[in-house]
Amino acid sequence: MSYKLQAMIAAALATLALSAVAADPIKIGVTGPFTGGSAPMGVSMRDGVKLAVAEINATGGVLGRPFQLVERDDEAKNERGVQVAQELINKEKVVSTVGFINTGVALASQRFYQEAKIPVMNNVATGSVVTKQFADQPENYIFRNAAYDTIQSAMIVDEAVGKRKLSKVAILADSTNYGQLGREDLEKALDKKGLKPVAVEKFNIKDVDMTAQLLKAKQSGAQVILTYGIGPELAQIANGMEKLNWKVPMIGSWTLSMGNFIDNAGKNGEGASMPQTFIQIPNTPKRKAFIDAYLKAYNPPGGRIPSPVSAAQGYDSIYLLAAAIKQAGSTEGPKVREALESLQTKVEGVVTTYDKPFSKVDHEAIKVGVPVMGAVKEGHVTLAQ
(Lines give C-alpha, C1' and ligand atoms only; values in the text may rest on other atoms or scores of the structure.)
Protein backbone atom coordinates (compact mmCIF):
# COMPACT_ATOMS: atom_id res chain seq x y z
CA MET A 1 0.00 0.00 0.00
CA SER A 2 1.40 3.37 -1.00
CA TYR A 3 2.18 6.04 1.56
CA LYS A 4 -0.35 8.35 -0.15
CA LEU A 5 -3.15 5.75 0.11
CA GLN A 6 -2.28 5.08 3.76
CA ALA A 7 -2.50 8.80 4.47
CA MET A 8 -5.89 9.05 2.73
CA ILE A 9 -7.27 6.10 4.74
CA ALA A 10 -5.91 7.53 7.97
CA ALA A 11 -7.51 10.90 7.19
CA ALA A 12 -10.84 9.23 6.40
CA LEU A 13 -10.75 7.24 9.63
CA ALA A 14 -9.93 10.39 11.60
CA THR A 15 -12.87 12.18 10.00
CA LEU A 16 -15.16 9.29 10.90
CA ALA A 17 -13.86 9.28 14.47
CA LEU A 18 -14.42 13.03 14.77
CA SER A 19 -17.95 12.63 13.39
CA ALA A 20 -18.67 9.92 15.93
CA VAL A 21 -17.39 12.10 18.74
CA ALA A 22 -19.37 15.09 17.46
CA ALA A 23 -22.54 13.01 17.44
CA ASP A 24 -22.10 11.77 20.99
CA PRO A 25 -25.04 13.00 23.07
CA ILE A 26 -24.66 15.65 25.73
CA LYS A 27 -25.94 14.00 28.90
CA ILE A 28 -28.03 16.20 31.19
CA GLY A 29 -29.28 14.99 34.57
CA VAL A 30 -32.88 15.67 35.59
CA THR A 31 -33.55 15.15 39.28
CA GLY A 32 -36.75 15.73 41.21
CA PRO A 33 -39.55 13.98 43.07
CA PHE A 34 -41.56 12.07 40.48
CA THR A 35 -43.54 10.23 43.19
CA GLY A 36 -45.12 11.38 46.48
CA GLY A 37 -46.62 14.67 47.63
CA SER A 38 -44.11 16.80 45.70
CA ALA A 39 -44.67 14.86 42.46
CA PRO A 40 -46.87 17.50 40.74
CA MET A 41 -43.86 19.82 40.86
CA GLY A 42 -41.30 17.18 39.89
CA VAL A 43 -43.29 15.66 37.03
CA SER A 44 -44.30 19.05 35.62
CA MET A 45 -40.68 20.23 35.77
CA ARG A 46 -39.42 17.06 34.07
CA ASP A 47 -42.07 17.33 31.35
CA GLY A 48 -41.16 20.96 30.69
CA VAL A 49 -37.50 19.94 30.42
CA LYS A 50 -38.41 17.18 27.96
CA LEU A 51 -40.32 19.61 25.75
CA ALA A 52 -37.33 21.95 25.54
CA VAL A 53 -34.92 19.10 24.78
CA ALA A 54 -37.20 17.78 22.02
CA GLU A 55 -37.29 21.24 20.42
CA ILE A 56 -33.52 21.72 20.64
CA ASN A 57 -32.76 18.25 19.29
CA ALA A 58 -35.20 18.76 16.41
CA THR A 59 -33.10 21.73 15.28
CA GLY A 60 -29.78 19.88 15.42
CA GLY A 61 -28.94 19.96 19.12
CA VAL A 62 -26.07 22.02 20.53
CA LEU A 63 -22.55 21.95 19.05
CA GLY A 64 -23.93 19.42 16.58
CA ARG A 65 -24.80 17.02 19.40
CA PRO A 66 -28.21 16.04 20.79
CA PHE A 67 -29.15 16.44 24.42
CA GLN A 68 -29.80 13.16 26.23
CA LEU A 69 -31.71 13.31 29.50
CA VAL A 70 -30.86 11.03 32.43
CA GLU A 71 -33.86 11.12 34.76
CA ARG A 72 -33.79 10.16 38.43
CA ASP A 73 -36.55 10.28 41.07
CA ASP A 74 -35.11 11.73 44.28
CA GLU A 75 -38.43 11.07 46.10
CA ALA A 76 -38.08 14.44 47.90
CA LYS A 77 -35.65 12.70 50.29
CA ASN A 78 -32.27 14.24 51.14
CA GLU A 79 -30.47 10.89 51.35
CA ARG A 80 -31.91 9.74 48.01
CA GLY A 81 -30.91 13.05 46.43
CA VAL A 82 -27.33 12.45 47.54
CA GLN A 83 -27.34 8.97 45.96
CA VAL A 84 -28.77 10.36 42.73
CA ALA A 85 -26.17 13.15 42.54
CA GLN A 86 -23.28 10.72 42.96
CA GLU A 87 -24.75 8.34 40.37
CA LEU A 88 -25.33 11.08 37.79
CA ILE A 89 -21.81 12.47 38.27
CA ASN A 90 -19.75 9.29 38.59
CA LYS A 91 -21.66 6.72 36.56
CA GLU A 92 -23.66 8.68 34.02
CA LYS A 93 -21.00 11.41 33.50
CA VAL A 94 -23.57 14.20 33.06
CA VAL A 95 -22.22 17.60 32.02
CA SER A 96 -24.90 19.40 34.03
CA THR A 97 -28.02 18.67 36.04
CA VAL A 98 -31.31 20.56 36.13
CA GLY A 99 -33.99 20.17 38.76
CA PHE A 100 -34.10 20.06 42.53
CA ILE A 101 -37.61 20.75 43.71
CA ASN A 102 -37.09 20.57 47.46
CA THR A 103 -34.72 22.97 49.19
CA GLY A 104 -33.45 20.33 51.63
CA VAL A 105 -32.61 17.92 48.80
CA ALA A 106 -30.79 20.69 46.94
CA LEU A 107 -28.69 21.66 49.96
CA ALA A 108 -27.77 18.03 50.67
CA SER A 109 -27.01 17.07 47.06
CA GLN A 110 -25.51 19.97 45.15
CA ARG A 111 -22.24 19.89 47.10
CA PHE A 112 -21.21 16.93 44.93
CA TYR A 113 -21.69 18.98 41.75
CA GLN A 114 -19.72 21.83 43.31
CA GLU A 115 -16.83 19.48 44.08
CA ALA A 116 -16.97 17.98 40.57
CA LYS A 117 -17.16 21.44 38.93
CA ILE A 118 -20.40 20.56 37.17
CA PRO A 119 -23.03 23.33 36.88
CA VAL A 120 -26.44 22.80 38.47
CA MET A 121 -29.53 24.73 37.41
CA ASN A 122 -32.03 24.77 40.27
CA ASN A 123 -35.29 25.29 38.42
CA VAL A 124 -37.78 24.94 41.29
CA ALA A 125 -36.15 24.87 44.77
CA THR A 126 -36.57 28.36 46.23
CA GLY A 127 -34.75 28.43 49.60
CA SER A 128 -32.84 31.72 49.63
CA VAL A 129 -29.61 29.99 50.70
CA VAL A 130 -29.53 27.51 47.79
CA THR A 131 -27.33 29.56 45.43
CA LYS A 132 -25.29 30.98 48.30
CA GLN A 133 -24.21 27.62 49.74
CA PHE A 134 -20.78 27.96 48.09
CA ALA A 135 -20.72 31.71 47.45
CA ASP A 136 -17.59 32.00 49.59
CA GLN A 137 -15.65 29.76 47.19
CA PRO A 138 -13.73 31.18 44.19
CA GLU A 139 -16.07 29.41 41.76
CA ASN A 140 -19.75 28.76 42.39
CA TYR A 141 -21.42 26.11 40.22
CA ILE A 142 -24.94 26.54 41.64
CA PHE A 143 -27.43 28.54 39.54
CA ARG A 144 -31.19 29.08 39.72
CA ASN A 145 -34.10 30.22 37.57
CA ALA A 146 -36.85 30.21 40.20
CA ALA A 147 -38.15 33.02 42.42
CA TYR A 148 -36.16 32.59 45.62
CA ASP A 149 -37.87 33.01 48.95
CA THR A 150 -36.59 36.49 49.78
CA ILE A 151 -38.50 37.77 46.74
CA GLN A 152 -41.59 35.69 47.50
CA SER A 153 -41.77 36.51 51.22
CA ALA A 154 -41.62 40.25 50.48
CA MET A 155 -44.46 39.87 47.95
CA ILE A 156 -46.55 37.82 50.40
CA VAL A 157 -46.12 40.38 53.19
CA ASP A 158 -46.77 43.30 50.82
CA GLU A 159 -50.00 41.63 49.73
CA ALA A 160 -51.20 41.00 53.30
CA VAL A 161 -49.95 44.11 55.08
CA GLY A 162 -49.45 46.66 52.32
CA LYS A 163 -52.43 46.05 50.04
CA ARG A 164 -54.96 44.45 52.38
CA LYS A 165 -53.94 46.41 55.51
CA LEU A 166 -53.94 43.28 57.70
CA SER A 167 -51.60 43.72 60.67
CA LYS A 168 -52.35 40.58 62.72
CA VAL A 169 -50.52 37.86 60.84
CA ALA A 170 -50.18 34.13 61.59
CA ILE A 171 -47.54 31.97 59.91
CA LEU A 172 -48.06 28.24 59.29
CA ALA A 173 -44.99 26.50 57.85
CA ASP A 174 -44.01 22.88 57.44
CA SER A 175 -41.06 21.40 59.34
CA THR A 176 -38.82 20.87 56.29
CA ASN A 177 -35.88 23.10 55.35
CA TYR A 178 -38.18 24.70 52.79
CA GLY A 179 -40.86 25.55 55.32
CA GLN A 180 -38.58 26.76 58.08
CA LEU A 181 -36.29 28.84 55.87
CA GLY A 182 -39.40 30.34 54.29
CA ARG A 183 -40.80 31.14 57.72
CA GLU A 184 -37.58 32.96 58.59
CA ASP A 185 -37.86 35.01 55.40
CA LEU A 186 -41.49 35.88 56.20
CA GLU A 187 -40.53 37.02 59.70
CA LYS A 188 -37.74 39.19 58.28
CA ALA A 189 -40.16 40.74 55.75
CA LEU A 190 -42.68 41.43 58.54
CA ASP A 191 -39.95 42.95 60.69
CA LYS A 192 -39.24 45.46 57.92
CA LYS A 193 -42.88 46.54 58.28
CA GLY A 194 -42.43 46.86 62.05
CA LEU A 195 -44.59 43.78 62.71
CA LYS A 196 -44.24 40.46 64.48
CA PRO A 197 -46.54 37.51 63.76
CA VAL A 198 -49.26 36.94 66.37
CA ALA A 199 -48.79 33.17 65.93
CA VAL A 200 -46.12 30.94 64.37
CA GLU A 201 -47.09 27.29 63.98
CA LYS A 202 -45.32 24.27 62.50
CA PHE A 203 -46.67 21.09 60.92
CA ASN A 204 -45.16 17.96 59.40
CA ILE A 205 -45.37 16.44 55.94
CA LYS A 206 -48.38 14.07 55.76
CA ASP A 207 -50.16 15.74 58.69
CA VAL A 208 -53.91 15.50 58.13
CA ASP A 209 -55.24 17.54 61.05
CA MET A 210 -54.27 21.20 61.49
CA THR A 211 -56.88 21.93 64.18
CA ALA A 212 -54.38 22.66 66.97
CA GLN A 213 -52.32 25.06 64.88
CA LEU A 214 -55.37 26.80 63.45
CA LEU A 215 -56.99 27.21 66.87
CA LYS A 216 -53.87 28.95 68.17
CA ALA A 217 -53.87 31.23 65.15
CA LYS A 218 -57.57 31.99 65.54
CA GLN A 219 -57.28 32.65 69.28
CA SER A 220 -54.38 35.01 68.65
CA GLY A 221 -56.70 37.20 66.61
CA ALA A 222 -54.98 36.52 63.28
CA GLN A 223 -56.56 38.32 60.32
CA VAL A 224 -54.60 36.36 57.69
CA ILE A 225 -52.63 33.11 57.42
CA LEU A 226 -49.29 33.13 55.62
CA THR A 227 -48.12 29.69 54.53
CA TYR A 228 -44.94 27.87 53.56
CA GLY A 229 -45.55 24.23 52.68
CA ILE A 230 -46.62 22.04 49.76
CA GLY A 231 -49.97 21.15 48.26
CA PRO A 232 -51.40 18.29 50.36
CA GLU A 233 -50.72 19.92 53.73
CA LEU A 234 -51.78 23.35 52.49
CA ALA A 235 -55.11 21.79 51.55
CA GLN A 236 -55.44 20.50 55.13
CA ILE A 237 -55.04 24.09 56.35
CA ALA A 238 -57.79 25.35 54.05
CA ASN A 239 -60.09 22.45 54.96
CA GLY A 240 -59.30 22.85 58.67
CA MET A 241 -60.35 26.50 58.55
CA GLU A 242 -63.69 25.41 57.10
CA LYS A 243 -64.19 22.91 59.93
CA LEU A 244 -63.57 25.67 62.48
CA ASN A 245 -65.95 27.97 60.60
CA TRP A 246 -63.12 30.48 60.43
CA LYS A 247 -62.46 32.25 57.17
CA VAL A 248 -59.50 34.57 56.81
CA PRO A 249 -57.35 35.09 53.70
CA MET A 250 -54.69 32.50 52.92
CA ILE A 251 -51.59 33.95 51.28
CA GLY A 252 -48.46 31.89 50.82
CA SER A 253 -45.52 30.83 48.71
CA TRP A 254 -45.92 29.81 45.09
CA THR A 255 -46.84 26.21 46.04
CA LEU A 256 -50.44 27.27 46.70
CA SER A 257 -50.72 26.90 42.91
CA MET A 258 -50.09 23.14 43.03
CA GLY A 259 -52.82 20.97 41.57
CA ASN A 260 -52.95 18.80 44.69
CA PHE A 261 -53.73 21.90 46.79
CA ILE A 262 -56.44 23.13 44.45
CA ASP A 263 -58.08 19.70 44.06
CA ASN A 264 -57.87 18.63 47.73
CA ALA A 265 -59.03 21.99 49.08
CA GLY A 266 -61.87 22.42 46.59
CA LYS A 267 -64.07 25.41 47.42
CA ASN A 268 -62.02 26.00 50.59
CA GLY A 269 -59.00 26.93 48.48
CA GLU A 270 -60.88 29.57 46.52
CA GLY A 271 -59.09 32.93 46.67
CA ALA A 272 -55.77 31.62 48.03
CA SER A 273 -53.04 33.95 46.73
CA MET A 274 -49.38 33.34 45.90
CA PRO A 275 -46.43 34.69 43.87
CA GLN A 276 -46.10 33.13 40.42
CA THR A 277 -43.40 33.33 37.76
CA PHE A 278 -45.77 31.70 35.27
CA ILE A 279 -49.54 31.31 35.09
CA GLN A 280 -51.19 29.00 32.58
CA ILE A 281 -52.55 31.87 30.48
CA PRO A 282 -51.54 32.11 26.78
CA ASN A 283 -50.86 35.86 26.94
CA THR A 284 -47.78 35.81 24.66
CA PRO A 285 -47.09 33.73 21.52
CA LYS A 286 -44.24 31.94 23.32
CA ARG A 287 -46.46 31.03 26.28
CA LYS A 288 -49.29 29.90 24.02
CA ALA A 289 -46.93 27.64 22.06
CA PHE A 290 -45.55 26.19 25.29
CA ILE A 291 -48.98 25.56 26.84
CA ASP A 292 -50.29 24.02 23.61
CA ALA A 293 -47.24 21.76 23.31
CA TYR A 294 -47.50 20.65 26.95
CA LEU A 295 -51.22 19.84 26.69
CA LYS A 296 -50.71 17.97 23.41
CA ALA A 297 -47.76 15.95 24.73
CA TYR A 298 -49.08 15.05 28.18
CA ASN A 299 -52.87 15.59 28.11
CA PRO A 300 -53.17 16.47 31.83
CA PRO A 301 -56.61 16.07 33.46
CA GLY A 302 -58.87 19.04 32.87
CA GLY A 303 -56.28 20.65 30.62
CA ARG A 304 -54.44 21.99 33.69
CA ILE A 305 -50.67 21.61 34.05
CA PRO A 306 -50.21 20.08 37.55
CA SER A 307 -47.61 22.74 38.45
CA PRO A 308 -47.36 25.37 35.69
CA VAL A 309 -44.52 27.24 37.43
CA SER A 310 -42.41 24.06 37.62
CA ALA A 311 -43.08 23.17 33.99
CA ALA A 312 -42.20 26.64 32.70
CA GLN A 313 -39.05 26.99 34.80
CA GLY A 314 -37.96 23.47 33.80
CA TYR A 315 -38.39 24.40 30.14
CA ASP A 316 -36.45 27.64 30.49
CA SER A 317 -33.61 26.00 32.44
CA ILE A 318 -32.70 23.89 29.41
CA TYR A 319 -32.61 26.89 27.07
CA LEU A 320 -30.36 28.78 29.50
CA LEU A 321 -28.04 25.79 29.69
CA ALA A 322 -28.05 25.33 25.91
CA ALA A 323 -27.12 28.99 25.39
CA ALA A 324 -24.19 28.63 27.80
CA ILE A 325 -22.86 25.44 26.18
CA LYS A 326 -23.13 27.04 22.75
CA GLN A 327 -21.31 30.17 23.91
CA ALA A 328 -18.63 28.12 25.67
CA GLY A 329 -18.16 25.92 22.61
CA SER A 330 -17.66 23.15 25.16
CA THR A 331 -19.39 20.97 27.73
CA GLU A 332 -16.55 21.36 30.26
CA GLY A 333 -17.98 22.49 33.58
CA PRO A 334 -15.72 25.50 34.23
CA LYS A 335 -16.29 26.84 30.70
CA VAL A 336 -20.07 26.39 30.94
CA ARG A 337 -20.08 28.12 34.34
CA GLU A 338 -18.12 31.05 32.91
CA ALA A 339 -20.55 31.28 29.99
CA LEU A 340 -23.59 31.25 32.29
CA GLU A 341 -22.04 34.12 34.24
CA SER A 342 -21.58 36.15 31.06
CA LEU A 343 -24.31 35.13 28.59
CA GLN A 344 -23.98 37.28 25.49
CA THR A 345 -27.29 36.38 23.82
CA LYS A 346 -30.78 36.95 25.15
CA VAL A 347 -32.70 33.77 25.92
CA GLU A 348 -36.42 33.96 25.24
CA GLY A 349 -38.16 31.79 27.81
CA VAL A 350 -41.77 31.32 28.78
CA VAL A 351 -41.25 32.92 32.21
CA THR A 352 -39.34 35.91 30.87
CA THR A 353 -36.67 36.92 28.37
CA TYR A 354 -33.34 36.43 30.11
CA ASP A 355 -30.87 39.23 29.34
CA LYS A 356 -27.54 38.64 31.12
CA PRO A 357 -29.42 36.75 33.88
CA PHE A 358 -26.30 35.76 35.84
CA SER A 359 -23.00 37.29 36.87
CA LYS A 360 -20.00 36.13 38.87
CA VAL A 361 -21.68 37.25 42.10
CA ASP A 362 -25.38 36.79 41.18
CA HIS A 363 -26.59 33.33 40.24
CA GLU A 364 -30.32 34.21 40.41
CA ALA A 365 -32.03 34.52 37.02
CA ILE A 366 -35.39 35.65 38.45
CA LYS A 367 -35.26 39.22 39.69
CA VAL A 368 -37.66 41.38 41.68
CA GLY A 369 -40.51 42.44 39.39
CA VAL A 370 -40.67 39.21 37.36
CA PRO A 371 -43.13 37.27 39.58
CA VAL A 372 -46.76 38.39 39.81
CA MET A 373 -49.48 37.54 42.33
CA GLY A 374 -51.79 34.73 41.34
CA ALA A 375 -55.01 33.52 42.96
CA VAL A 376 -57.05 30.32 42.88
CA LYS A 377 -60.33 30.80 41.04
CA GLU A 378 -62.70 27.98 40.07
CA GLY A 379 -60.05 25.28 40.09
CA HIS A 380 -57.35 27.22 38.26
CA VAL A 381 -54.75 29.85 39.05
CA THR A 382 -55.34 33.22 37.46
CA LEU A 383 -53.89 36.69 37.87
CA ALA A 384 -54.89 38.18 41.22
CA GLN A 385 -57.15 41.20 40.98
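Quick notes on this structure:
- The modelled label-to-label distance for the pair Q86/K188, using points 7 Å beyond Cα in the direction of Cβ, is 3.2 nm.
- Percentage relative contact order, the chain, counting C-alpha pairs under 8 Å, at least six apart: 18
- Where the stretch 297-385 is the region considered: accessible area per residue in Å², 1.4 Å probe: 44
- The Kirkwood radius of the chain, taken over pairs of alpha-carbon atoms, gives through the Stokes-Einstein law at 37 °C and 0.692 mPa s a diffusion coefficient of 152 µm² s⁻¹.
- Equivalent ellipsoid, the stretch 248-385 (semi-axes from 5 times Cα gyration tensor eigenvalues, Å): 32, 17, 12
- Computed log10 I(q)/I(0) for the stretch 141-286 at 0.11, 0.20 Å⁻¹: -0.38, -1.25, from the Debye equation with unit scatterers placed on every C-alpha and solvent omitted.
- Longest to shortest principal axis, alpha-carbon extents of the stretch 59-108, angstrom: 36, 21, 15
- Average silhouette area of the stretch 169-237, convex hull of alpha-carbon atoms, in square nanometres: 4.1
- Relative contact order of the stretch 191-344, taken over Cα pairs closer than 8 Å and 6 or more residues apart, is 15 percent.
- Anchor K192: aspartates and glutamates whose Cα lies under 13 Å away (excluding residues fewer than 8 positions away in-chain): D158, E184
- P(r) histogram, all alpha-carbon pairs of the stretch 28-165 included - 10 Å bins from 0, percent: 12, 39, 32, 13, 4, 0
- Note that the stretch 103-188, at 4 °C in a medium of 1.567 mPa s, gets a Stokes-Einstein diffusion coefficient of 92 µm²/s from its Kirkwood radius over C-alpha pairs.
- Built amide H within the under 5 Å cut-off of E364, gap 5+: S359
- Over the chain, dividing the summed -39,500 (n - 2.57) contributions of all DSSP H runs of at least 4 residues by the number of residues returns a 222 nm mean residue ellipticity of -14000 deg cm²/dmol.
- Accessible area per residue for the stretch 169-255, computed on protein heavy atoms with a 1.4 Å probe, is 42 Å².
- Net charge over other residues, Cβ less than 14 angstrom from the Cβ of A199 (K, R count +1; D, E count -1): +4
- P(r) tail, the stretch 217-325: Cα-Cα pairs separated by more than 20 Å, 48% of all pairs.
- Whole-percent carbon and sulfur share, accessible surface of the chain, 1.4 Å: 54
- Cα-Cα over 23 Å, subset of K93/K117; K188/K360; K132/K188; K288/K346; K168/K247: K188/K360
- Relative protection proxy for 179-186, 200-207, from highest mean packing down: 179-186, 200-207 (other beta-carbon atoms within 10 angstrom).
The values are calculated or read from the model by the stated rules, or taken from the named source; none is laboratory data. Since the model is a prediction, treat every value here as computed from it, not as a measurement. Heads up, the Cβs are rebuilt from the backbone with ideal geometry, glycines too, and the neighbour counts pull from every protein chain shown. The accessibility values were calculated without ligands, DNA or RNA, using every heavy atom of the protein model including side chains. Shrake-Rupley method; radii C 1.70, N 1.55, O 1.52, S 1.80 Å.
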